[in-house]
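Novice: Mind having a look at this structure? Questions to follow.
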Amino acid sequence: MNSAAADIAKGLENIPIKYTVLSSIDGEKGKLYYVGYPIEELVEHSSYEEVCFLLLNARLPTKSELEETVKILIKERDLPSEVWKIVKSFPRNTPLISVLRAGVDLLALFDEEAEQNTPDARMSVAIRLISRIATFLAAAYRVRKGLEPITPSEDLPHAANFLYMATGRRPTPLESKIIDVAFMLHAEHELPASTTAALVVASTLSDLYSAVSAGIGALKGPLHGGANEKALEMLLEIGSPEKAEEYITKAIAAKQRIMGFGHRVYKNFDPRALILKKYLEELSKIRSDMSLLQIADSVEQVMAEKMRSKSIFPNIDLYSGPVFHLLGLEKELFTPIFAVARSVGWMAHVIEYWEDNRLIRPRAIYSGPPPRKYVPIEER
């Protein structure tokens, strides 16, 4: 290996590439803020719609501004008739996250403002895509299940409407609150791989749809998305609280990753995990099914005994999988839901970056052979 390899920032770990007002993470204390507001306060008092306005405008809306945002999100829910037809033709054995990525590119073709690069057009496109990407995912999911897509509601909140369109059942007030909280918690998280991918594309002055498509492509990778699916599978495989210690002990001995634990930034509890755990408790009681919560608690206790010295704490994925499961959502939806909720964060970062845009063009350190003469194929 080239001795210069020491100069490489592998994975760009801890390398700042932009200033942002959108979110800040205190990994040591386990704190997350959106535009300075603690995530705990937003979850308690706000809504996904208000968080969307907050991230896109870097401030909280007035009452009239929030009402207008909600009105536009509802107005934009329906898909163009051509898209409704095309969504029924997608292959049913393709990963749903890939279908969603194709859907974003498809939606771009039917948005007259997609290629416009004015501040007003960007905001209009962002709100439209936030609304339509949720409708598209729910429709694509139902088509895969052999079911008819459901027309969007004109009165349900954004996240609750998605739950309704996916399951075919109007959510209860508690279910509506929980899916709204889940969307808020997934809306923004600084610069993970997906947001960085979106920024790289946007830095070329491409469009918002292309940036979101890139974000989805990055999220598809198992090192970024899919952890909550694996965490749920782990809990189901363990099967009962008393089997947690044996399972975790064997997994650690085999040097297997324990899904739902650890984070590149948090060296303490992921605050999003603490919030979702509380709602998982409420949902489990309503469902009269405490099994997943009890197994997760046992896994958390075992991990605390064995791994706390290494600062490995529960993250959001440990609880988001069980929450989605109890809401009636299947595993193949988990990562696409992440993308739908995070779409606002991706676009907010892109719009912010465009205020002082610079093409992202890193360098590579050459580590191959020195210059040499080409050898004709007859002489090789």
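Novice: Starting from region 110-122, take each residue that is part of a loop (DSSP other than H, G, I, E, B) and list its partners that are aromatic (F, W, Y), counting only C-beta distances under 9 angstrom and pairs at least six apart or across chains.
Specialist: D111/Y209; A114/Y209; N117/W354
Novice: Being closer than 27 Å to L280 by Cα and either of a type in the set (G, A, S) or touching a helix residue (DSSP H, G or I) at 6+ places or on another chain (Cβ under 9 Å) (or both), is that true of even one residue in region 120-131?
Specialist: yes
Novice: Another question, then. Looking at region 279-331 only, could you name the residues that are of a type in the set (D, E, K, R) and closer than 28 Å to K255 by Cβ?
Specialist: D297, E300, E305, K306, R308, K310, D317, K331
Novice: Something else now. What number of residues within region 335-361 are part of a loop (DSSP other than H, G, I, E, B) and within 17 Å of P192 (Cα to Cα)?
Specialist: Going through region 335-361 one residue at a time, the tally reaches 1.
Novice: Go through (1) outside any helix (DSSP H, G or I); (2) at pLDDT 95 or above; (3) of a type in the set (D, E, K, R) for E332 and report which single condition fails.
Specialist: It is condition (1) that E332 fails.
Novice: Sticking with this one: As an exercise: evaluate M290 against (1) in contact (Cβ under 8 Å) with a residue 40 or more places away in the chain; (2) in contact with a Ser or Thr (Cβ under 6 Å, 6 or more places away or on another chain) and give the number of the one condition it does not meet.
Specialist: Single failed check for M290: (1).
Novice: Now for a different question. Can you name the residue in region 82-133 that is under 23 Å from the mean Cα position of the chain (by Cα) and either among the charged types (D, E, K, R) or outside the structural domain of E67 (by TED's automatic domain parsing) (or both) and is also farthest from F334 (Cα to Cα) among such residues?
Specialist: R122
Novice: Also, quick follow-up: Mind checking whether some residue in region 177-196 is over 26 Å from N315 (Cα atoms) and modelled with pLDDT of 95 or more?
Specialist: No, region 177-196 contains no residue that is over 26 Å from N315 (Cα atoms) and modelled with pLDDT of 95 or more.
Novice: Could you go through region 334-343 and let me know if any residue there is under 30 Å from I286 (Cα atoms), of a type in the set (S, T, Y) and not assigned by TED's automatic domain parsing to the domain that holds E300.
Specialist: Yes; the residues of region 334-343 include at least one that is under 30 Å from I286 (Cα atoms), of a type in the set (S, T, Y) and not assigned by TED's automatic domain parsing to the domain that holds E300.
Novice: Could you grab me the full set of residues in region 242-259 that are of a type in the set (A, V, I, L, M) and under 30 Å from the mean Cα position of the chain (by Cα)?
Specialist: A244, I248, A251, I252, A254, I258, M259
The values are calculated or read from the model by the stated rules, or taken from the named source; none is laboratory data. Since the structure is predicted, the reported quantities are computational estimates derived from the model, not experimental observations. Backbone-built Cβ (ideal geometry, glycine too); neighbour counts: all protein chains shown.
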